[in-house]
Structures are given as structure tokens and as C-alpha cells.
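Coordinate-derived values only; no laboratory data. Being a predicted model, the structure only gives us computed values, none of them experimental. Reconstructed Cβ throughout: ideal geometry from the backbone, glycine too, with neighbour counts over all protein chains shown.
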Amino acid sequence: CTTSSPAEVLRAQVCSNLELSFLMEAHDGLSAAIAERAGFKGLWASGLSIASSLGYRDVNEASWCQLVDAVERIVDSSKLPVLVDGDGGFGNFNNARLLARKLRQRGAAGVALEDSCFPKMNSLIGDRHPLADIHEFSGRLRAVKDTVAEDLVLVARIEALIAGHGMDEAILRAHAYADAGADAILIHSRKSTADEVLSFTRTWQSRLPVVIVPTTYYRTPVSAYRNARISTVIWANHSVRAAIAAMQQICRRIIAEEGVAGIEPNIATLDEVFELLRYDELARADARYLHPL
Ligand code: SPV
Ligand code: MG
């Protein structure tokens, strides 16, 4: 009997046009465990969310080692396949293939690489998003593919629309990245409607599966993505934003109320904490190894 590798499980989700898949953001072990319990089938190790949880800005302030360490905690905390946001690969082809090798070692299922320059700037802020040269970035993808082959799903992320280059440039890049060996194309947009990504899918005609990140165009119902034969939707930052809102509210209340009696119904119980982190497994292991009858 054979078990599927993380990459095989992720590939079945991302590289299938038959059913729309959803990847939920995780930024640490706890958020990974919560997403799994809620029923998600795959995780997005978000650069923005991991950086935020570490107190960094999403401009490559966190090092690739810190990313790899965060991914290890995410991988260890659930059984779900993890697609890692590898930003631009932290440099040139050599940095990108080193990152991919390390992510494979830590159990990631896939890596998304974006055609940005180091240091990258988060796509949803600012107006300076210089694109990498198309040939140089294709080399980054080829180097990753040659290094990890089928052991990691390779998602090529196009920032052309973010950078204001228009649809022709986005399509040109998608073909180049498909030729370079990408398994799927992530087309990113920061518009408030899905028009741009839907227009991309009409021209692209599913040469490779398409992944989207509807953070700014959150109002569009997912039926539009099913109709457009998009393969995967990434809910990219919603756990960390939920955590920020909840922590802000609870901190304000504890200050205002000078106590915690009133907030008890609004926070997770300690039993929930113990259950999420599987303290019951430890009790069983204690009984088996520490206090055998
Ligand atoms: C992330 O989650 O870090 C992403 C998506 O890359 S975005 O923040 O929209 O760039
Ligand atoms: Mg990112």
C-alpha cells in the first residue's frame, strides 16, 4: 500500500479543472491546525501572514531561513498539503532552487514563485512593483524544476497586472512560464472586481491550471470561478486578519474593564487549546511509554 506524497495530494487539487479547490492561509502551527479542523483540504503558507505574525513587513524582511522554519511548523501541525509563498525566490535562480530544496526537506507540497525583484514589495500596497526580466525569471523556474522535479508543485505567479503592464504582457509571461516547466499559473490582481482575472482566463484557455487570490475582489461569488474553470482559490490572509481583529478587541476590553471576567465567553477555552494541540495524544503516549502497566 502506497501513501501519496504531499506534492501528489496538492497536485490533485491544484492541477484539476474538474473541481474548484480552496487553499486556506496559515502562518504558524496553530492557524494550520485550526484550518484543518475547519475542513480545509490544503494550506497556503502566506508570506504576508508569516511576516506579519513575526512582526515583519512583507518586503523580504523575514529571511528564507525564517520562512522555511515557519513552514516546518505549519507542515508539522496538520496533515494537509502546504503550498508555500516563496516570493521571488529570495534572489536569482540559485537562491530560488536552494529555497525549493529546503522547502522539500521540510515537507512542503509546493512553492509559488512570483516574477518580482528582490526585495519584493507586497502586491497590495504601494505602486512600485518592478517586474523581473521574463527570461531571467523563466531561468529561476527551470532551475527549481530541475532541482525538485515532481517533488514540489511549482506555481508561477505573474505580477504583470499588479505592476500595470496589461493583459498582453501577462499572457506572454504565462506562456513563457509554462514553457519553463511551471505546473500552474497564479494570476494576481489587486482590482476590486474579478474582471481582470476572468479576462485572463478567457484568453489563456486553461493551457495550465489557473490559481487566483481574491483578496481585493472578495465580493465575487466563487461560482464565477467555477464557470471560468479556475482550479484554485487562495484565501490568502484571512486567519491573520481575524487574529488581529480579535486580539485588538480583547486587548482594548481588558484595559477598559481592568479585568478578564467579562471576556471569558469571547475567547477560546483552555480545553479548546489543549484539544487543538492534541494533549490527549500525549496522555496516551505517557500511559504507553512512561507508565506502562
Ligand atoms: C501572500 O499571502 O503573501 C500573498 C498574496 O503573496 S498578496 O498578499 O496578495 O500578495
Ligand atoms: Mg506573498
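Structure data summary
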item: Residue count for region 186-211, restricted to those that are in contact with a Leu (Cβ under 9 Å, 6 or more places away or on another chain) and more than 16 Å from ligand 2 (Cβ to nearest atom); result: 5
item: Flag if Ser138 is over 20 Å from the mean Cα position of the chain (by Cα) and surrounded by 19 or more Cβ atoms within 10 Å (Cβ to Cβ); result: yes
item: Members of region 100-135 found to be more than 16 Å from ligand 2 (Cβ to nearest atom), charged (D, E, K, R) and either surrounded by 17 or more Cβ atoms within 10 Å (Cβ to Cβ) or in contact (Cβ under 8 Å) with a residue 60 or more places away in the chain (or both), listed by number; result: Lys102, Arg104, Arg106
item: Residues of region 56-67 classified as surrounded by fewer than 18 Cβ atoms within 10 Å (Cβ to Cβ) and among the aliphatic types (A, V, I, L, M), total; result: 1
item: Residues being among the small types (Gly, Ala, Ser) and closer than 20 Å to Asp87 by Cα - total across region 1-31; result: 2
item: Odd one out for Gly107, checked against (1) within 16 Å of the chain's Cα centre (by Cα); (2) within 11 Å of ligand 1 (Cβ to nearest atom); result: (2)
